[in-house]
Amino acid sequence: MDKLAQQLREDANSIEVDVSPQLDARIRASLAGVRQETGRTSSGSTGRAPFWWASSLTGIAATVAIISVINLGEPDPEPAITQPPPQQFTMPQFTFKPKAAILTESLQQELDAIQSDLKKAEQVIKDDFDKIGI
Amino acid sequence: MNSETALIAAAKCGSVAAFTELVASHRVRLLRFLVTRTSSYADAEDALQDTLINAFRYLRSYDAKWRFSTWLYRIAINNAASMRVQDTEQIGELCDEESGPLEQCIAVSERENLWISAKRVLNDEVYTAMWLRYAEDMSVTDIAAALGRSVSWTKVNLLRARQQLDAAMGGSKKKAQASEAYG
């Protein structure tokens with residue numbers, strides 16, 4: 001053993017401590033009231049294994065039985081019949097005929113004329129929608 | 001079957017008397033260790049009591065592949081650590097290191113006790129490793145098990161701790177020589 005190790009050992013032994021009778025009594029009294037925890041032992045785990053296996057198998061069997069009963073009791077559902085959408089719901093094709101604006105009047109009159117045309121166009125579109133039932 | 005094994009078997013069956021006999025030889029050593037790890041002597045005593053109670057409570061989970069003392073020290077280390085946390089939370093940094101329980105338990109001598117020097121230069125975990133190695137004469141494997149560290153970590157930190165302690169001792173010797181030289 002080297003010098004440092006020897007010195008460390010000596011210095012550790014020079015630390016003076018003592019378990020007093022009071023502390024000893026305290027420890028004994030505490031130990032008397034302690035309930036040991038059950039450790040996880042191999043016998044404990046094997047003892048529980050059959051229970052878990054049994055409950056798991058029972059659960060699986062019950063599930064299979066319920067599913068079978070439900071499937072046997074109900075007739076096969078009829079296949080859903082899908083109908084094509086009615087023709088009237090298809091969007092109509094609009095033909096737009098753009099015209100170049102020719103300014104022949106004053107700007108205010110032209111604006112009034114354009115707004116009037118716009119209202120007429122809106123009315124035509126509304127009528128078209130009413131015809132197709134939208 | 002040796003006596004320790006027989007006592008462990010009896011204690012596992014709930015015999016307090018067997019357990020008391022089993023730990024009788026460890027109590028003073030554990031208390032000495034706990035004095036170095038707690039902030040007061042009363043705390044060290046409480047930590048010893050908690051360690052022994054926990055050891056008895058969980059004795060059935062003790063694995064015989066470890067030495068019984070290693071297992072006991074592992075519990076003691078955890079108890080001391082939790083007690084230090086509680087102390088820090090309660091009194092913060094008010095604890096005066098100069099008047100700790102370790103200093104109170106050492107007779108006055110010319111040379112400073114190395115464990116006081118070690119406390120200054122080493123962190124808690126490395127200090128504990130040094131204690132287990134040199135005060136308890138534990139093997140590196142047992143120390144690693146007690147600390148929950150790898151063997152290589154333990155070896156490396158023990159070596160570094162020795163170097164740190166050597167350096168600290170060298171520094172204090174030089175200081176002492178210098179103070180003698182200058183009166």
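The values are calculated or read from the model by the stated rules, or taken from the named source; none is laboratory data. The shown structure was predicted, so the numbers you read here are calculated from the model rather than taken from an experiment. Glycine also receives a Cβ, built like all others from the backbone with ideal geometry; neighbour counts cover every protein chain displayed. Side chains are part of the model used for accessible areas, which takes the heavy atoms of the whole protein and leaves out ligands, DNA and RNA. Shrake-Rupley method; radii C 1.70, N 1.55, O 1.52, S 1.80 Å.
B:ARG57 passes every criterion in (1) at pLDDT 85 or above; (2) open to solvent by 20 Å² or more (accessible area, probe 1.4 Å); (3) away from chain A (no Cβ under 14 Å) apart from (3). Condition check for A:LEU4 on (1) at pLDDT 80 or above; (2) open to solvent by 50 Å² or more (accessible area, probe 1.4 Å): one failure, at (2). Exactly one residue out of B:GLU103, B:GLU97 is modelled with pLDDT under 90, within 13 Å of another protein chain (Cβ to nearest Cβ) and within 20 Å of B:PHE33 (Cβ to Cβ), and it is B:GLU103. Of the residues making up the stretch A:104-134, those that are touching a helix residue (DSSP H, G or I) at 6+ places or on another chain (Cβ under 8 Å) and open to solvent by less than 70 Å² (accessible area, probe 1.4 Å) are A:ILE132, A:GLY133. Residues in the stretch B:120-161 that are in a helix (DSSP H, G or I) and open to solvent by less than 50 Å² (accessible area, probe 1.4 Å): 20 in all. Among the residues of the stretch B:34-49 satisfying the criterion of being within 9 Å of chain A (Cβ to nearest Cβ) and not hydroxyl-bearing (Ser, Thr, Tyr), which is surrounded by the most Cβ atoms within 10 Å (Cβ to Cβ)? This residue is B:LEU48.
Please go through the stretch A:14-35 and give me each residue that is open to solvent by 60 Å² or more (accessible area, probe 1.4 Å) and more than 8 Å from every other protein chain (Cβ to nearest Cβ), ordered by number. Give the steps one after another, and end with the answer.
Residues of the stretch A:14-35 that are open to solvent by 60 Å² or more (accessible area, probe 1.4 Å), as a first pass: A:16, A:18, A:21-22, A:26, A:28-29, A:32-33, A:35.
Result: A:PRO21, A:GLN22, A:ALA29, A:GLY33.
Pairing residues of the stretch B:119-131 that are within 13 Å of chain A (Cβ to nearest Cβ) with residues that are of a type in the set (D, E, K, R), at Cβ distances under 6 Å and at least 6 apart in sequence or on separate chains, gives no pairs at all.
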